[in-house]
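Report on the following structure.
The values are calculated or read from the model by the stated rules, or taken from the named source; none is laboratory data. None of these values were measured; they are calculated from a predicted model. For neighbour counting, all protein chains shown are included, and Cβ atoms are generated from backbone atoms with ideal geometry for every residue, glycine included. Side chains included, ligands, DNA and RNA excluded: accessible areas come from the protein's heavy atoms. Shrake-Rupley method; radii C 1.70, N 1.55, O 1.52, S 1.80 Å.
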Amino acid sequence: MDARRVAIIGAGASGLCALKCCLDEGLEPTCFERSKDIGGLWRFEEHPEDGRASIYRSVIINTSKEMMCFSDFPIPDDFPNYMHNSKIMEYFRMYAQHFDLLRHIRFRVSAGPVSYTHLDGCVTPVGHTGPSLFPKHTSSLNKGQPPSCSTYQPRMASLSLPGLEKFEGWYLHSRDYKSPQPFLGKRVVVVGIGNSGIDIAVELSHAAKQVFLSTRRGSWVLHRVAKSGYPFDFSYLSRFMQLLQNLLPPNIINSFLEGKLNARFDHTLYGLKPKHRILDQHPTVNDDLPNRIISGRVRVKPNVQEFTETSAIFEDGTREDVDAVVFATGYSFSFPFLEGFKVVENQISLYKFVFPPDLEKPTLAFIGFIQPLGAIMPISELQSRWATRVFKGLQGLPPPTDMLAEIAQTKQRMAERYVKSQRHTIQVDYIPYMDELAGQLGVKPSLLTLLLTDPKLAVEVAVGPCTPYQYRLRGPGAWAGARAAILTQRQRVLRALQPRACARRARSSAAPRALTVLFSIAMIAATLLYVSLSP
């Protein structure tokens with residue numbers, strides 16, 4: 001039987017792993033990339049193509065390398081734990097070369113028109129027959145950027161602010177911000193306190209005369225560096241911590257996390273404390289903001305009420321003379337080339353955020369169309385592994401009524417938990433969602449089995465960081481190097497910091513880690529039981 005042909009739209013991070021997963025399953029993929037190169041969002045361009053997401057020159061990812069890598073291709077030891085966009089591109093090129101992906105990509109080819117029909121379940125780009133994957137590339141805990149294969153518009157609701165039309169300075173969306181040089185000596189307002197807004201405000205504060213950071217409701221600000229200098233996500237995204245979160249009341253978890261953040265700097269004192277709890281909103285990550293606030297280089301202000309010719313007036317009645325405004329207010333997305341498929345207020349109905357529930361045949365999948373409390377790349381990869389097996393007919397989907405019911409339940413849970421915002425329409429928790437996908441695919445790690453057969457590995461899987469390698473230990477797509485990758489992941493973190501002292505540091509950290517494991521032995525056993533028995 002001839003291999004099924006699959007169209008992949010976009011060669012960003014999600015498109016690359018979707019392409020590789022198709023090849024792993026013996027499918028015949030063709031990736032259509034409208035630009036001249038791979039990388040999508042992460043490829044910096046001074047003047048990006050129209051309709052493409054864009055980053056600024058200094059962007060550094062907010063997820064650490066061990067947590068964001070593809071599950072069977074660890075990022076090199078000497079790469080920094082938090083990578084500049086140029087290093088991310090270097091990793092993508094290594095991945096594409098290692099798995100021989102480039103020969104399957106057609107550059108400078110746009111998708112569309114694509115028919116989305118309920119009659120025969122086929123989704124067919126012009127000149128192509130077979131299933132289709134629509135990847136999105138972004139990183140959670142990073143910049144709220146739009147999907148690569150969609151058409152998006154920077155969300156500029158602030159353009160309706162009274163007086164902006166007569167403002168004599170200049171204003172732009174964060175998509176068009178590239179570097180602080182044009183703002184040298186200027187007084188600048190940055191509107192929005194998401195990751196892009198804070199990063200831009202901090203960077204501008206080194207060049208601008210004064211930066212004002214305007215926020216409607218404040219934000220809890222996490223930091224990349226956790227206890228003992230380890231990456232924050234590497235330290236806290238573990239099955240053990242997830243068990244605690246599941247067992248303890250939300251108020252206790254919120255109070256604990258807020259206390260940890262306020263111990264670093266008091267969010268009320270710095271004018272940042274929001275009314276919502278920390279787990280009610282997608283987190284903002286920045287290590288430098290408190291230093292820029294305490295030095296006066298960034299001043300936190302409430303929402304902008306109106307503009308005059310030369311100033312901004314804020315909701316507390318204060319007025320500041322300003323020369324420029326940067327709107328870091330997010331994006332709205334749509335799929336105009338996918339006929340009949342509608343997005344309303346950034347909401348899209350997908351079963352487990354992957355499959356449309358109303359097609360007769362499962363021939364369309366959306367990859368990475370999600371905002372996790374964790375890294376996006378491993379999620380995109382696991383979605384792709386699942387989707388390709390569904391395309392091959394090795395796994396099926398529930399009846400449409402069941403999928404629609406689950407979608408409704410998921411939306412209800414999000415509405416009850418998160419602050420109402422268009423950025424929270426595709427929000428998930430990293431470990432529960434990864435385990436949910438892994439359960440569909442049959443690759444969820446069995447901790448009880450590991451405890452009996454490989455106790456050393458079981459402890460690291462249970463209490464260590466939930467790195468992507470865990471989902472290559474067994475089942476379809478199992479990787480022989482997964483065990484070694486898990487047991488050496490801490491050494492790779494240290495190697496990036498102090499290459500010569502890596503071995504000594506790894507040995508010296510073993511004793512306190514052993515004490516932690518012994519102290520928590522009861523909770524570890526509970527973790528093993530919970531993860532193995534949970535659906």
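Can you tell me which residue within the stretch 362-372, out of those that are over 17 Å from C17 (Cα atoms) and modelled with pLDDT of 90 or more, is least open to solvent (accessible area, probe 1.4 Å)?
T363
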The number of residues in the stretch 219-255 that are open to solvent by less than 30 Å² (accessible area, probe 1.4 Å) and over 25 Å from L272 (Cα atoms) is 5
In the stretch 365-383, the residues that are in contact with a Lys or Arg (Cβ under 8 Å, 6 or more places away or on another chain) and farther than 18 Å from P432 by Cβ:
F366, I367
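Each row is one residue, and each column tells you yes or no for (1) β-branched (V, I, T); (2) outside the structural domain of A201 (by the TED database); (3) open to solvent by 10 Å² or more (accessible area, probe 1.4 Å).
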site: G12; (1), (2), (3): no, yes, no
site: L23; (1), (2), (3): no, yes, yes
site: T63; (1), (2), (3): yes, yes, no
site: M67; (1), (2), (3): no, yes, no
site: F70; (1), (2), (3): no, yes, no
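Pick out the one residue from L269, L373, L350, L261 that is among the aliphatic types (A, V, I, L, M) and in contact (Cβ under 8 Å) with a residue 60 or more places away in the chain.
Values: L269 fails: in contact (Cβ under 8 Å) with a residue 60 or more places away in the chain; L350 fails: in contact (Cβ under 8 Å) with a residue 60 or more places away in the chain; L261 fails: in contact (Cβ under 8 Å) with a residue 60 or more places away in the chain.
Testing whether each residue is among the aliphatic types (A, V, I, L, M) and in contact (Cβ under 8 Å) with a residue 60 or more places away in the chain leaves just L373.
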Those residues of the stretch 297-335 which are open to solvent by less than 30 Å² (accessible area, probe 1.4 Å) and not aliphatic (A, V, I, L, M), in sequence order
K301, F307, T308, S311, F314, E320, F327, G330, Y331, F333, F335
Yes/no for E406 being open to solvent by 60 Å² or more (accessible area, probe 1.4 Å) and assigned to a helix (DSSP H, G or I):
no
Please note which strands (runs of 3 or more DSSP E) are completely contained in the stretch 237-324 and include at least 1 residues that are touching a Pro at 6+ places or on another chain (Cβ under 7 Å) and among the charged types (D, E, K, R).
304-307
Just wondering, is there one or more residues in the stretch 199-218 that are at pLDDT below 95 and open to solvent by less than 10 Å² (accessible area, probe 1.4 Å)?
yes
Could you tell me whether any residue of the stretch 465-484 is within 20 Å of Q242 (Cα to Cα), open to solvent by less than 10 Å² (accessible area, probe 1.4 Å) and assigned to a loop (DSSP other than H, G, I, E, B)?
yes
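Looking for something among the small types (G, A, S), touching a His at 6+ places or on another chain (Cβ under 8 Å) and open to solvent by less than 20 Å² (accessible area, probe 1.4 Å) - is there at least one such residue anywhere in the stretch 40-49?
Among the residues of the stretch 40-49, at least one is among the small types (G, A, S), touching a His at 6+ places or on another chain (Cβ under 8 Å) and open to solvent by less than 20 Å² (accessible area, probe 1.4 Å), which makes the answer yes.
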If we scan the stretch 25-37, do we find a residue that is assigned to a loop (DSSP other than H, G, I, E, B), touching a His at 6+ places or on another chain (Cβ under 7 Å) and of a type outside the set (A, V, I, L, M)?
no
Pairs, please: C-beta under 6 Å, at least 6 apart or cross-chain, first residue over 22 Å from G15 (Cα atoms) and in the stretch 356-369, second charged (D, E, K, R)?
none
Which of the residues that make up the stretch 81-97 are open to solvent by 20 Å² or more (accessible area, probe 1.4 Å) and in a helix (DSSP H, G or I)?
S86, K87, E90, R93, M94, Q97
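Listed here are the residues, each with its yes/no results for (1) among the small types (G, A, S); (2) closer than 29 Å to D78 by Cα.
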site: Q412; (1), (2): no, no
site: D435; (1), (2): no, no
site: G439; (1), (2): yes, no
site: L452; (1), (2): no, no
site: P468; (1), (2): no, yes
site: P476; (1), (2): no, no
site: A482; (1), (2): yes, yes
site: I486; (1), (2): no, yes
Scan the stretch 440-450 for residues that are out of contact with any Ser or Thr (no Cβ under 9 Å at 6 or more places or on another chain) and not in a loop (DSSP other than H, G, I, E, B) and report the count.
3
Kindly check whether there is at least one residue in the stretch 109-121 that is more than 27 Å from D233 (Cβ to Cβ), modelled with pLDDT of 65 or more, open to solvent by less than 20 Å² (accessible area, probe 1.4 Å) and not assigned by the TED database to the domain that holds L237.
yes
If I go through the stretch 373-403 residue by residue, how many of them are in a helix (DSSP H, G or I) and surrounded by fewer than 18 Cβ atoms within 10 Å (Cβ to Cβ)?
3
Restricting attention to the stretch 165-177, does a residue exist that is farther than 30 Å from D323 by Cα, in a helix (DSSP H, G or I) and touching a residue at least 40 places away in the same chain (Cβ under 8 Å)?
no
